[in-house]
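A.B. asks: This is the structure I have questions about; it appears just below.
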Amino acid sequence: MLIHLLTFSNPDRINELTQIELNLFEEAAQRLGHEIKVIFARDCQLKFDSRPGLVLKGIKIKDIKVLIVRANFLRSNLEFRHSLIRQFELAKVPLINGYLPIMKAKNKLRTMQILGQHKIPIPKTYIVSHPEYIDDVITDIGSFPVILKTLAGSHGSGVSIMESKRGLKSVIDILIKGDDSDPVMIQEYVRESKGTDIRVFIVGKRIVGAMERIATRRGEFRSNFHLGGRVRVAEMSKEEKKMAFKSVAACGLDIAGVDIIRTKTGPKILEVNANPGLEGITEATGRDIAGEIIKYAVKIAKKNKLQK
Ligand SMILES: Nc1ncnc2c1ncn2[C@@H]1O[C@H](COP(=O)(O)OP(=O)(O)O)[C@@H](O)[C@H]1O
Ligand SMILES: [Mg+2]
């Protein structure tokens, strides 16, 4: 089967990370007797006629049986990028992941609201729009260090550790300038995790891999693979599996990477990723994670065909 994959990378400047992932997808598809065709977001023109559609380079929209959406974008152009994904949905293309789940998971604030709403344990977290309230926030969180995050970060960029109130206030002064600035997230620091967390990879309600990530660089508290985090297979408790499934279901994602941090008061969810990286989890588990996604995509395409 021909499976399409949407990427937001620039076709003229595909970075190494994206290229590695595309290779993993292409090799996995080939092994399973399928084929991957990449669609670049830049080559998608939105069309409004009798109904919303798209004009794509050399591809007819009705020939797309399923679209794997790799939402590899961060802060810029969010509205348009989300709308582009939505347009595929309006044009009746089955998506993994869908537009709304991607939107929910892309914003750390929205994710927190969803996790909170479903009573899923998370570290104590504040979203702050003005430096004036920092004292109260710190009093409630308890002590330094605290974790400061931007709402749209990924791969550990936008996540920092603040050792003092003076430092925190001055950084917030830089980040929040006037009413148009995005708020920031201040979170209790889980010291006992010692730079380690668990990344669970879920595809279609199944855990296809789980790895422990350990920050290795000197002074580094972030365990992200692309920041040099060491990875190895993780053993998960029943409780951890349950909360991972619950988080992914709450966001409505088909494919997700859930970050779980082990704290002295039990496991907690750090975030839910709509575009989890393949390289680290493939290396840690030795499993064909891209292949699992392809198999799931084929299943969705067949199911959709039956429904037509
Ligand atoms: N509250 C926290 N306490 C301790 N470590 C944290 C905390 N929040 C994040 N980290 C570390 O930083 C990493 C990146 O944070 P995360 O919220 O997952 O953002 P990103 O989207 O950039 O991956 C985590 O994998 C974890 O190792
Ligand atoms: Mg993360």
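A.B. asks: Determine the shape class of the stretch 154-308: with a ≥ b ≥ c the square roots of the Cα gyration tensor eigenvalues, call it rounded for a/c under 1.5, and otherwise prolate if a/b is greater than b/c, oblate otherwise.
C.D. replies: Cα axes put the stretch 154-308 in the prolate bin.
A.B. asks: What's the angle, to the nearest 10 degrees (0 to 90), between helix 108-117's Cα axis and the longest principal axis of the chain?
C.D. replies: With rounding to tens, the tilt is 80 degrees.
A.B. asks: Turning to a different aspect of this structure: Test of understanding: what is the full-extension gain from N107 to K169, defined as 0.36 nm times their sequence separation minus their Cα-Cα distance?
C.D. replies: Length gained between N107 and K169: 20.0 nm.
A.B. asks: In whole Hz, what ³J(HN,Hα) sequence does the stretch 141-147 give by Karplus (6.51, -1.76, 1.60; θ = phi - 60°), x for Gly and Pro?
C.D. replies: Rounded to whole hertz, the list is 5, x, 7, 8, x, 10, 9.
A.B. asks: Report, ordered by chain and residue number, the lysines lying within cross-link reach of K169, taken as a straight Cα distance under 30 Å and ignoring same-chain residues fewer than 8 apart.
C.D. replies: Correct list for K169: K104, K106, K108, K124, K149, K177, K194, K264, K268.
A.B. asks: Separate question: Before rounding to the nearest 500, sum -39500 (n - 2.57) across all DSSP H runs of length at least 4 in the chain and divide by the residue total; then give [θ] at 222 nm in deg cm²/dmol.
C.D. replies: My calculation for the chain gives -10500 deg cm²/dmol from helical runs alone.
A.B. asks: Distance from the Cα centre of the stretch 254-285 to that of the stretch 118-183, in angstrom?
C.D. replies: The two parts, judged by their Cα centres, are 22 Å apart.
A.B. asks: Follow-up. How much length is gained if the chain between S83 and F144 is pulled fully straight, taking 0.36 nm per residue apart and subtracting their Cα-Cα distance, in nm to one decimal?
C.D. replies: Taking S83 through F144 to full extension adds about 18.0 nm, to one decimal.
A.B. asks: Shape call for the stretch 125-189 from the C-alpha gyration tensor, a ≥ b ≥ c root eigenvalues: rounded (a/c under 1.5), prolate (a/b greater than b/c) or oblate?
C.D. replies: Oblate shape, in that a/c is at least 1.5 and b/c is the bigger or equal ratio.
A.B. asks: Continuing with this model, one more query. Give the accessible surface of the stretch 125-189 per residue, rounded to a whole number of Å², with probe radius 1.4 Å and ligands, DNA and RNA excluded.
C.D. replies: Spelled out: the 1.4 Å probe surface of the stretch 125-189, per residue, equals 52 Å².
A.B. asks: Just to be sure I understand the model, the point goes 7 Å from the Cα along the line to the Cβ. What's the resulting K299 to V55 distance in nm?
C.D. replies: 3.8 nm
A.B. asks: Note the angle between two axes, namely the Cα long axis of helix 289-307 and the longest principal axis of the Cα atoms of the chain, as a number of degrees from 0 to 90, rounded to the nearest 10.
C.D. replies: Compared with the principal axis, the helix lies near 50 degrees.
A.B. asks: Dipole magnitude of the stretch 125-189 about its Cα centre, charges +1 at Lys/Arg Cβ and -1 at Asp/Glu Cβ only, in debye to the nearest 20?
C.D. replies: The dipole of the stretch 125-189 has a size of about 240 debye.
A.B. asks: Out of the total accessible area of the chain (probe 1.4 Å, heavy atoms of protein only), what percent is carbon and sulfur?
C.D. replies: Solvent-exposed carbon and sulfur of the chain make up 50 percent of the total.
A.B. asks: Using label points projected 7 Å from each Cα along Cα→Cβ, tell me how many nm separate S129 and L46, to one decimal.
C.D. replies: 2.6 nm
A.B. asks: Taking the C-alpha atoms of the stretch 74-141, how large are the radius of gyration and the largest Cα-Cα span, Dmax, in Å?
C.D. replies: Expressed in Å, the Cα Rg and Dmax of the stretch 74-141 come to 16.4, 50.
A.B. asks: Mind listing which GluC sites (Glu not before Pro) in the stretch 147-209 are in a DSSP loop and have 14 or fewer other Cβ atoms within 10 Å?
C.D. replies: Counting only loop positions with at most 14 other Cβ atoms within 10 Å, the GluC sites (Glu not before Pro) in the stretch 147-209 are E163.
A.B. asks: Using alpha carbons only, what's the Rg to Rh ratio of the chain with Rh from Kirkwood?
C.D. replies: Using only Cα positions, Rg/Rh for the chain is 0.98.
A.B. asks: Checking the a/c ratio against 1.5 first, then a/b against b/c, what shape does the Cα gyration tensor give for the stretch 51-203?
C.D. replies: The shape class here is prolate.
A.B. asks: Now a separate question. In degrees between 0 and 90, to the nearest 10, how far off the longest principal axis of the chain does helix 165-175 point, with axes built from Cα atoms?
C.D. replies: Around 40 degrees separate the two axes.
The values are calculated or read from the model by the stated rules, or taken from the named source; none is laboratory data. These numbers were taken from a predicted model, which means no experiment stands behind them. Cβ coordinates were reconstructed from backbone atoms using ideal geometry, including for glycine residues, and neighbour counts include every protein chain displayed. These area figures cover heavy atoms from the full protein model, side chains too; ligands, DNA and RNA do not enter into them. Shrake-Rupley method; radii C 1.70, N 1.55, O 1.52, S 1.80 Å.
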